[in-house]
Amino acid sequence: MANEQWIAACEAEEIEEEDVIRFDHGDRTFALYRSADDQYYATDGYCTHERFHLADGLVIGRQIECPKHNGRFDYATGEAKRAPVCVALRTYPVKNDAGTIWIKID
Amino acid sequence: MVPTATRKRDYRLTGPENALARQKGLAAAEWYVCPVPRPKLKQLMKRKDGPAIRDTLLWFGALAAAGYAAYLSWGTWWAIPAFAVYGVLYASPADSRWHECGHGTAFKTPWMNEAVYQIASFMILRPATPWRWSHARHHTDTIIVGRDPEIVAPRPPVWRVILMESFKLYGGPRDLKRMLLHCFGKLDAEEREYIPASEIPKTCWESRVYVLIFAAVVIACLYGGTVLPALFIVLPSFYGSFLVLLTGMSQHLGLYEDVLDHRLNTRTTYMNPILRFLYWNMNYHTEHHMFPMVPYHALPKLHEEIRHDCPAPSPSLAAALREVFQALARQRKDPTYTIVRPLPETARPYRYGPAEETGAAQARQTNESLAK
């Protein structure tokens, strides 16, 4: 898409292994993940079930568990994995460029 | 217009209080959370299989032993206490295992959570899918009138319903009626409030399986010419449920409605190790509501972590129930009566939310002046 842009979100070391942090940009909020095998991912910041920040949740393997109702998503694909989440989570491309994590958003 | 705090309120999810709660910003709102450093919280949220496997084996072992003793005592007066023990060991842990496994936190392994959740849901006669959604709503809108389907007693309380619930004679028939509706592909109006359309087929199939099991139990009773099969399965959900009611009553009753701070509307109660085993640490209820990600076995540690920011726990189940029954008795005459629990000096102030300027604050002022 023409209006897509890469945004510098954080330094790679700001996210611990198998953890998640919140990244706000304008009026939008995102969740940035670092997996146990040192890969980085990004999704929308709010759970699709209710409006709660996923960054307060728990990363378990390739899944993020929502802090409010324990619904789970695969944060790599956005797929809903456990009720009460039923709607998939939007994911975003991420790159690690010399220790800076970039997220591609529209 | 009569102020909300003094008018008899409509607790139905299909009534006008639902829209009112949304208007006030009480629905799906942001709640107060005690400060816990992220590294500590991550430790507390860590999942394990060991404690839940141990406790599940202990539970089913105890249930089998009590069941065998009850079977041997059949035909004698000893059958009464034997089945009472069996009923409590059946219903109470089924209630707490339903709860913990519904959150998916009891075991680390997802299929174990799901397996125990399905079994416990049947045992406590709370069909797995609708009650999963009911409980999700309870966590979103805890004790928000018109939004929370799991408010145990309205204000003023209806004593007849509370008495009936000692043997699940209010909620039980309601759920059985809903199961029959599900068998025909229908949901009642309250359930449609919180169960999404995509979950309706699963809801219906689960209820059909439950009804088939009920039919099998009835046939076994008729074929054997004895009520024994039903005394071991299905009926314990009724005759064994008085402890479920008592522990359930200790969770929120007498405390605030329509606030956005679990320290105001939820009670933590110290219990002895036996009750904590049966109840799977749900006595740390404020902690659970504030941090539903923390598994039951880590709740005592979470309690220590946040106790400086919370009102003093009730010292025992008896003390909690005494407080609850006294509050309910007062609410018979004054539905606005609310228990006020002071915070320690180390705590952050309560967050009353939008209710600060209306009912909750009025109740607080009234009760504080009464307490002086």
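Only the coordinates and a few stated rules stand behind these numbers; no lab work does. Remember, predicted model here, so these are calculated numbers, not experimental data. Quick reminder, even Gly has a Cβ in these numbers, built from the backbone with ideal geometry, and neighbours come from all protein chains shown.
Test each condition in (1) away from every other protein chain (no Cβ under 14 Å); (2) more than 16 Å from the chain's Cα centre (by Cα); (3) touching a residue at least 12 places away in the same chain (Cβ under 8 Å) for B:PRO273 and report the one that comes out false.
(3)
Given the residues B:GLU257, B:GLU206, which is the only one that is among the acidic types (Asp, Glu), in contact (Cβ under 8 Å) with a residue 12 or more places away in the chain and touching a helix residue (DSSP H, G or I) at 6+ places or on another chain (Cβ under 6 Å)? Show your work before the answer.
Details: B:GLU257 fails: touching a helix residue (DSSP H, G or I) at 6+ places or on another chain (Cβ under 6 Å).
On inspection, the qualifying residue turns out to be B:GLU206.
Might you check whether a residue that is surrounded by 23 or more Cβ atoms within 10 Å (Cβ to Cβ) and touching a Gly at 6+ places or on another chain (Cβ under 8 Å) occurs anywhere in the range B:201-222?
Going residue by residue through the range B:201-222, those that are surrounded by 23 or more Cβ atoms within 10 Å (Cβ to Cβ) are B:203, B:207.
Narrowing further to those that are touching a Gly at 6+ places or on another chain (Cβ under 8 Å): none.
Scanning the range B:201-222, I find no residue that is surrounded by 23 or more Cβ atoms within 10 Å (Cβ to Cβ) and touching a Gly at 6+ places or on another chain (Cβ under 8 Å), so the answer is no.
Criterion first (within 25 Å of B:ALA106 (Cα to Cα), surrounded by 22 or more Cβ atoms within 10 Å (Cβ to Cβ) and more than 12 Å from every other protein chain (Cβ to nearest Cβ)) does A:PHE73 satisfy it? First the steps, then the outcome.
Numbers: within 25 Å of B:ALA106 (Cα to Cα): yes; surrounded by 22 or more Cβ atoms within 10 Å (Cβ to Cβ): yes; more than 12 Å from every other protein chain (Cβ to nearest Cβ): yes.
Here the answer is yes, as A:PHE73 does meet what is asked.
Can you find a residue that is under 12 Å from the mean Cα position of the chain (by Cα) and either under 21 Å from B:LYS42 (Cα atoms) or within 14 Å of another protein chain (Cβ to nearest Cβ) (or both) anywhere in the range A:3-17? First the steps, then the outcome.
If we filter the range A:3-17 for residues that are under 12 Å from the mean Cα position of the chain (by Cα), which is where we start, we get A:9, A:15.
Still in the running and either under 21 Å from B:LYS42 (Cα atoms) or within 14 Å of another protein chain (Cβ to nearest Cβ) (or both): A:15.
Yes, the range A:3-17 contains a residue that is under 12 Å from the mean Cα position of the chain (by Cα) and either under 21 Å from B:LYS42 (Cα atoms) or within 14 Å of another protein chain (Cβ to nearest Cβ) (or both).
Please name all residue pairs, on different chains or six or more residues apart, with Cβ atoms under 8 Å, provided the first residue is in the range B:35-55 and is away from every other protein chain (no Cβ under 12 Å) and exposed (fewer than 13 other Cβ atoms within 10 Å of the Cβ) and the second residue is of a type outside the set (Val, Ile, Thr) and part of a loop (DSSP other than H, G, I, E, B).
B:PRO35/B:ARG348
How many residues, within the range B:103-129, are of a type in the set (Ser, Thr, Tyr) and more than 10 Å from chain A (Cβ to nearest Cβ)? I'd like the intermediate steps shown before the answer.
First, the residues of the range B:103-129 that are of a type in the set (Ser, Thr, Tyr): B:105, B:109, B:117, B:121, B:129.
Those still in the list that are more than 10 Å from chain A (Cβ to nearest Cβ) too: B:109, B:117, B:121.
Going through the range B:103-129 one residue at a time, the tally reaches 3.
Tally the residues that are farther than 23 Å from B:ALA84 by Cβ, surrounded by fewer than 19 Cβ atoms within 10 Å (Cβ to Cβ) and aromatic (Phe, Trp, Tyr), restricting the search to the range B:164-195.
Residues meeting the conditions: 1.
Within the range B:285-343, which helices (runs of 4 or more DSSP H) (wholly inside it) include 1 or more residues that are without any contact (Cβ under 8 Å) to a residue 40 or more places away in the chain, of a type in the set (Val, Ile, Thr) and closer than 27 Å to B:MET45 by Cβ?
Values: elements: B:285-290, B:299-306, B:317-333.
So the answer is B:285-290.
Looking only at residues in the range A:35-62 that are outside any loop (DSSP other than H, G, I, E, B) and within 13 Å of chain B (Cβ to nearest Cβ), which one is surrounded by the most Cβ atoms within 10 Å (Cβ to Cβ)?
Going through the range A:35-62, the residues outside any loop (DSSP other than H, G, I, E, B) turn out to be A:40-44, A:46, A:53-56, A:58-60.
Narrowing the set further to residues that are within 13 Å of chain B (Cβ to nearest Cβ) leaves A:46, A:53-56, A:58-60.
On the way: A:TYR46: 18, A:HIS53: 18, A:LEU54: 28, A:ALA55: 23, A:ASP56: 19, A:LEU58: 24, A:VAL59: 25, A:ILE60: 16.
Selected residue: A:LEU54.
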